[in-house]
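What follows is calculated from the coordinates using simple rules that are stated; it is not laboratory data. Because the structure is a prediction, the values reported are computed rather than measured. Positions of Cβ are backbone-derived with ideal geometry, glycine not excepted, and every protein chain shown enters the neighbour counts.
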Amino acid sequence: SAEPGYAAWLGRERLTDSARLALKATWGQALHVAEDDPHIETAAAELADGLTKLMGERPARIRASDGAPCIVLGTFGGSAKAAAAFHAAERAAVGDEGYRVRVREDGGRITIAGATGRGVLYGVFRLLRMIGTGAALAGADLCENPANELRMINQWDNADGSVERGYAGRSIFYRDGEIVRDLSRIRDYARLLASVGVNAIAINNVNVHRPETLFMTERCLPRIARIADVFGAYGIRLFLSVNYAAPIEIGGLSAADPLDPEVRAWWRAKTEEIYRSMPDFGGYLVKADSEFRPGPFTYGRDHADGANMLAEALQPFGGLVIWRCFVYNCKQDWRDRKTDRARAAFDHFTPLDGRFRDNVVLQVKNGPMDFQVREPVSPLFGAMAHTNLAIEFQATQEYTGQQRHLCYLVPQWKEALDFDTRARGAGSTVKRVVDRSLFGTRHGGFAAVSNIGDDANWTGHLLAQANLYGFGRLAWDPELSAEGIAEEWTRLTFGADDLVVRTVRAMLLDSWSIYESYTAPLGVGWMVKPNHHYGPDVDGYEYSMWGTYHFADRDGIGVDRTAATGTGYARQYREPNASQYESLERTPDELLLFFHHVPYTYRLKSGKTVIQHIYDSRFEGAERAEALLDSWTRLERRVDDGRYAQVKARLEEQAVHAKEWRDVLNAYFWRKSGIPDTRGRVIY
Ligand code: GCU
């Protein structure tokens, strides 16, 4: 499809004449491929297509070469030419999914090689990225392996075609209760994902209802297997979200007790059946005993019992159980001040550390609550030394503007990854927990809830593509900077125009701070309209059962989570983090109200009182949102009309809506506190 934005960062505009001549001298226009392997086939096709777009002519495929300039593609084991380009030690440095790209100084040969075809595919996308961002090729000599084993996307798509918390149209996987027949869009999605190194996908919502429970039946499996093939060609393993009560719902059993031999036998047989139709099946993603989903608690069993039963069934096939830790009491009485939802995952799971089987991975949301604009990092990451852990991010912008507001999330994710849990002394960062280097665990990695749908540009807000892109890049290499990723995405998406690159990069990098500054203040969270979560409603969740309160009264606001006088959540961290959060003075301003209840007159480290901070940042936030629109309008005619108009419309909505946030929050806190704005601005 040529619709504006559809090609995303794989658009690949024709290079300038001089760039094309230089490239042609380097590799002649020939691709040397000498082995038959499905991933090498994908890699060669991607390279040929990419180069055709960049160069304006199609390269020749050759199987043998006489030393004339060419690009060699191959695995060390399958291609003599690829192997010969590297010493044994150089080859040994390449892992299962890694690659080497070498460009001879004097031109004439580019070699892209790996231990597997998947590695070669990633190397191809790397070379295309280098060309697309204008990086120097001559003499380039790269060796890369992914930092993380699991680089996974979670679709929250339902069989009826809706997408839970989806803000970019309907599902590309399902329509009217059926799996789509035309898989071309799914294939294009696989290309986007593989180009940034994603290697796993769960294709249905973690809330598995009746129609998706049926995905595991004989009728549906052949169609699921077709989707698995599409992803498989791009090195992406397919997972299914499963219903814990499936043995009852489709197996005809009377219970789903994980210790019941009949239940265990059912899962073993079912799993075998799945692997018969999909030999590369990845495994199960499970949301159990969470938000009304069934789980082992019904039978008086714990989450280790529950996960291990599934793990046992998957183990003979090398499959994984990805078990989510989003478990809390969602029927809390708001009058109950003792229960703290933030504590729940830690309280449920740390007693089970060491009991999970080797092929179970616990998937933990980055924060203890639920993907708020600002949260501390989940203390679970520092507390499960004998358990495989993966971190879950939410690319779909449920609480961060729903792809109507701009919010580039990579800086937020980086903060979580760089958080030092102190589990093994200084330097025990979250990224080292999930990449397995800290605790030496068997499995781990990254997952993100996808932000795509069937909107022509995939993500609704075109600039939200940068979050999907950034997730993949960060999962591959968490050391990349948010700035670097923003610039790379911008260049690939919009080309080399310097003003465009500088402007879009700056917009992306400012956007999280802007969004934070007009929504819920100082880490307290929520304040959104119930259910759909779009727009301001300060008390929207204050008297509900979901455990998400701010406790604002006429004197102050915030949740006391200290051990001394509050819920004790702060104590779930290791030292010195625990003492820091316990201390009112030492808690960083941006998390103040997450950990402490303070009077509006409390003075922040910034020197402002809490109430004045609320007023000032709401006013500034609304102005900065408007400035985003001004920045973009300077790019008119430098960006093609279609994409220009799409982004402009979203930024216009954001500018208006930021004022709504500003006025609703300021009015609320002025009326509650009776403390006027020192600058006398209009508050309603
Ligand atoms: C959030 C979201 C739900 C989702 C849940 C989850 O609470 O609002 O729609 O199901 O997270 O992560 O399971």
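Ranked from highest to lowest mean number of other Cβ atoms within 10 Å per residue, what is the order of the peptides 522-530, 557-565, 604-612?
Numbers: 522-530: 21.7, 557-565: 19.4, 604-612: 16.8.
Per-residue Cβ counts within 10 Å, averaged per peptide and sorted highest first, yield 522-530, 557-565, 604-612.
Taking 0.36 nm per intervening residue step and subtracting the Cα-Cα distance, what contour gain separates residue 21 from residue 336 on full extension?
Working: separation 315, 0.36 × 315 = 113.40 nm, distance 7.16 nm.
Answer, rounded to one decimal: 106.2 nm.
Given contacts defined as C-alpha pairs under 8 Å and at least six residues apart, what's the relative contact order of region 553-618, whole-number percent?
Numbers: 85 pairs, mean separation 20.9, N = 66.
That works out to 32 percent.
Taking the simple approach of a point 7 Å from Cα along Cα-to-Cβ for both residue 630 and residue 182, what is their distance in nm?
Distance between label points: 4.5 nm.
Apply the Karplus parameterisation 6.51 cos²θ - 1.76 cosθ + 1.60, with θ equal to phi minus 60°, to every residue of region 391-403 and state each ³J(HN,Hα) to the nearest whole Hz, in sequence, with x for glycine and proline.
9, 10, 10, 10, 5, 5, 8, 3, 9, 10, x, 6, 6
May I ask you to evaluate 6.51 cos²θ - 1.76 cosθ + 1.60, the Karplus curve with θ = phi - 60°, for each residue of region 274-288 and list the ³J(HN,Hα) values in order in whole Hz, giving x for glycine and proline?
Using θ = phi - 60°, the values come out as 4, 5, 5, 8, 9, x, 9, 3, x, x, 10, 9, 10, 10, 10 Hz.
What list of ³J(HN,Hα) values in whole Hz, one per residue of region 147-157 in order, does the Karplus curve 6.51 cos²θ - 1.76 cosθ + 1.60 (θ = phi - 60°) give from phi, with Gly and Pro shown as x?
Coupling constants for region 147-157: 6, 10, 6, 9, 10, 10, 10, 10, 8, 9, 8 Hz.
Out of residues 5 or more away from residue 556 or on other chains, whose amide H comes under 5 Å of its own, with H placed 1.01 Å from N in the peptide plane?
Under 5 Å from the amide H of residue 556: 600.
Taking amide hydrogens as modeled 1.01 Å from N in the peptide plane, which residues meet the under 5 Å criterion relative to residue 429, leaving out close sequence neighbours?
For residue 429, whose amide H was placed from the backbone, the distant partners under 5 Å are 421.
Extending each Cα 7 Å along its Cβ direction at residue 3 and residue 141, get the distance between those two points in nm, one decimal.
Result for the modelled spin labels: 4.7 nm.
Say R0 is 22 Å: what FRET efficiency, to the nearest 0.05, do residue 653 and residue 531 get from their beta-carbon distance? Don't jump to the answer; show the numbers that get you there.
On the way: r = 20 Å, r/R0 = 0.92.
Plugging the Cβ-Cβ distance into 1/(1 + (r/R0)^6) gives 0.65.
By count of other Cβ within 10 Å, fewest leading, how are 644, 174, 284 ordered? Before the final figure, lay out each step's value.
Details: 644 18, 174 23, 284 26.
So the residues, fewest neighbours to most, are 644, 174, 284.
By how many nm would the segment from residue 13 to residue 603 lengthen if fully extended, with 0.36 nm per residue of separation less the alpha-carbon distance?
Values: separation 590, 0.36 × 590 = 212.40 nm, distance 5.29 nm.
Residue separation times 0.36 nm, minus the Cα-Cα distance, leaves 207.1 nm.
So between residue 645 and residue 498, what do we pick up on full extension, going 0.36 nm a residue minus the alpha carbon distance?
Working: separation 147, 0.36 × 147 = 52.92 nm, distance 2.00 nm.
The residue 645-residue 498 span can extend by a further 50.9 nm.
For the chain, what is the relative contact order in percent, using Cα pairs closer than 8 Å and at least 6 residues apart in sequence? Walk me through the numbers before you get to the answer.
Values: 1393 pairs, mean separation 77.7, N = 684.
Computed value for the chain: 11 percent relative contact order.
On a 32 Å Cα-Cα criterion, which of the cross-link pairs 287/672; 287/608; 414/608; 24/431; 431/648 come out too long?
Working: 287/672 39 Å; 287/608 43 Å; 414/608 27 Å; 24/431 41 Å; 431/648 36 Å.
The pairs that break the limit, which is 32 Å between Cα atoms, are 287/672; 287/608; 24/431; 431/648.
Considering every pair of different Cα atoms, what Kirkwood radius, in Å, is found for region 518-592? Please report the intermediate quantities before stating the final value.
Numbers: mean 1/r = 0.0740 Å⁻¹.
The Cα-based Kirkwood calculation yields 13.5 Å.
Cα axis of helix 465-476 to longest principal axis of the chain: angle in degrees, 0 to 90, nearest 10?
Helix 465-476 sits at roughly 70 degrees to that axis.
Helix 303-314: angle to the longest alpha-carbon principal axis of the chain, degrees 0 to 90, nearest 10?
That works out to roughly 10 degrees.
What is the helix-to-structure angle for 17-27, meaning the angle in degrees between its Cα long axis and the longest Cα principal axis of the chain, kept from 0 to 90 and rounded to the nearest 10?
Roughly 60 degrees between the two axes.
Translational diffusion coefficient, Stokes-Einstein: compute it for the chain using the Kirkwood radius over C-alpha pairs as Rh, at 25 °C and 0.890 mPa s, and state it as an integer in µm² s⁻¹.
On the way: Rh = 26.5 Å.
Answer, rounded: 93 µm²/s.
I'd like to know how region 395-526 sits against the 2.2 N^0.38 Å rule of thumb: what's its Cα Rg over that expected value?
1.13
Which residues in region 343-362 place their backbone N less than 16 Å from a point set 7 Å from the Cα of residue 297 along the Cα-to-Cβ direction?
Correct set: 343-352.
Whole Å is fine, so just give me how far the alpha carbon centre of region 238-279 lies from that of region 434-488.
After rounding, the separation between the Cα centres reads 31 Å.
Between residue 565 and residue 543, what is the FRET efficiency for a Förster distance of 25 Å, r being their Cβ-Cβ separation, to the nearest 0.05? Can you show the working numbers first?
Details: r = 23 Å, r/R0 = 0.92.
Computed FRET efficiency for residue 565 and residue 543: 0.65.
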